[in-house]
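One structure is given below, encoded as structure tokens.
Since every read-out is calculated from the coordinates, none of them should be taken as a lab result. This is a predicted model, so every value here is computed, not measured. As a convention, Cβ positions derive from the backbone with ideal geometry for all residues, glycine included, and neighbour counts pool all protein chains shown.
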Amino acid sequence: MNTKDLVGIGIGPFNLSIAALCHDSPKLDVAFYDKKPSFCWHPGMLLPNTFLQTSFLKDLVTAVNPQSPFSFLNYLVSKKRFYAFLNNDRPAISRYEYNDYLQWVSQQIDYLNFDQGIEAVDFNDGHFEVHLENHNQPIQTRNLCLGTGKRPHIPSAIQSQYDKERCFHAIEMANQQRDFSNKRVTVIGGGQSGAEIFLHLLNGYDGAPAEINWISRRSNFLPMDETCFTNEWFSPNYIDSFFPLPANTKYNIVDEQKLASDGISESTLKSIYETLYEKRISGDEHNYRLRPNRDLINAYPANGITLEAHNKFDGTTEQYHSDIIILATGFENAVPKYLAPIKHRLAISDDQQFLLGRDYSIQWDGPSHNKLYAVNAGRYSHGISEPQMSLMCWRSATIVNDLLGEDFYDLKDDCSFVEWSNSQPFEPHAHKISA
Ligand SMILES: Cc1cc2nc3c(=O)[nH]c(=O)nc-3n(C[C@H](O)[C@H](O)[C@H](O)COP(=O)(O)OP(=O)(O)OC[C@H]3O[C@@H](n4cnc5c(N)ncnc54)[C@H](O)[C@@H]3O)c2cc1C
């Protein structure tokens, strides 16, 4: 049986980027699988007027191969929208457009396979065996790339109330028709998704709620820091400096950098503020409450669902009675079930993080030339950029170079202005001493 060079599990943007770069190197024999019937990027959060938090130039391929047929610019030209796109002059592209671009790429690559979930992965006789749902014969491959994303985080205080209708995660929001008319709706979470959903509710896209509460643990509805020096954390240079640091140091740094990736876009904050302001002018302003600084402590069925929250600002306890609760509470790591047959051979930390090498492969006790690369898994090994799309294409090229065993893509980058580590000792220029 034919043994592949690489099998990619999951086709989200991250593995799609690797697949698009593999197209540049015909000598690689690769296949990618996803359980979805076709490509769609977080369909449950494809809400109207939501925008990418990343430049369209940081697409699947451009940073390492601007001549690739899969660039965003080629997409625009192919769709005959190039001039209209420029005339539109938006600071960020919509998530609809980005999803349309990703779908356009996915339709052109013949080694992507949809409607084929992965059930299990094993390792025998020098290769991985990838078992597809509803297939008897496993696929054989020398290397794997795990790209199955993260799991929605459901806070323990509310787990007993969780269901798909009344108390659900934000990622499910648009997966079914919703009608919030005359309902008391509470949104939990002060990041970008919470903000987008709060705005969506204020605008009455799914009916006019009787009441809208927005609760956040954070001290305020805080913006994402998108300034230039903060953005240097999203550069290849930074990863080179960050990777060798001790694990504890890395954890502290990443936690301190939270608002560089998890804050709310300034444009979303502005839209919310403007909407509230307009409501105040029209006198239509009494059905919403913005409540930062609250820790969720309990949830139980009474008067709809009753939530109890601790107000960290004044130390009181508050109650919210809700018909609908939307959890914009982010995502967490989990070792995918399909890895069960080989999980004991992988290096995994107590908090379910894979221990990754510099080449994004998981440390394991198998042969070193059989690699399990993992994307969206290295926040605490490679840095804050890992779950984001900023360096997606550069990471993909790092993996493809590693697979090929050569510098197929030139990934050297020395345009950072900040020196993070002490690798280049300061050598002052000799001063001229004037007589
Ligand atoms: C709403 C939202 C907006 C975001 N916006 C931005 C942004 O603007 N900028 C930015 O940098 N980052 C953004 N992110 C963060 C990040 O870039 C995205 O989450 C991105 O989709 C991660 O890509 P991924 O390929 O790792 O995973 P995913 O997109 O989650 O894809 C994983 C895929 O794996 C498949 N899968 C799962 N299990 C199996 C299995 N057993 N077999 C086969 N297939 C399987 C799933 O069907 C899915 O298609 C956003 C995240 C969210 C949730």
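Would you confirm, using the coordinates I've provided, whether Arg379 is closer than 23 Å to Thr249 by Cα, within 12 Å of the ligand (Cβ to nearest atom) and basic (Lys, Arg)? When the stated conditions are applied, Arg379 passes them. Whenever a residue of region 145-161 is among the basic types (Lys, Arg), its partners that are in a strand (DSSP E or B), lying with C-beta atoms within less than 9 angstrom and at least six residues away or across chains, give the pairs Lys150/Phe331; Lys150/Glu332; Arg151/Phe331; Arg151/Glu332. None of Lys58, Lys4 is closer than 25 Å to Ala377 by Cα and within 10 Å of the ligand (Cβ to nearest atom) except Lys58. Could you list all residues from region 7-36 that are surrounded by fewer than 16 Cβ atoms within 10 Å (Cβ to Cβ) and more than 10 Å from the ligand (Cβ to nearest atom)? Pro26, Lys27, Asp29, listed by residue number. Tell me, which helices (runs of 4 or more DSSP H) lie completely within region 161-249 with 3 or more residues that are within 24 Å of the chain's Cα centre (by Cα) and within 15 Å of the ligand (Cβ to nearest atom)? By residue number, 192-202. Of the helices (runs of 4 or more DSSP H) that lie entirely inside region 1-92, those containing 3 or more residues that are free of Cβ contacts under 8 Å to residues at least 60 places away in the same chain and over 17 Å from Val400 (Cα atoms) span 72-78, 82-88. Considering the conditions (1) surrounded by fewer than 17 Cβ atoms within 10 Å (Cβ to Cβ); (2) under 17 Å from the mean Cα position of the chain (by Cα); (3) among the acidic types (Asp, Glu), Asp125 is excluded by exactly one of them, (2).
Does region 322-338 contain any residue that is part of a strand (DSSP E or B) and surrounded by fewer than 19 Cβ atoms within 10 Å (Cβ to Cβ)? Yes: one or more hits. Scan region 313-352 for residues that are within 16 Å of the ligand (Cβ to nearest atom) and basic (Lys, Arg) and jot them down. Residues satisfying the conditions are Lys337, Lys343.
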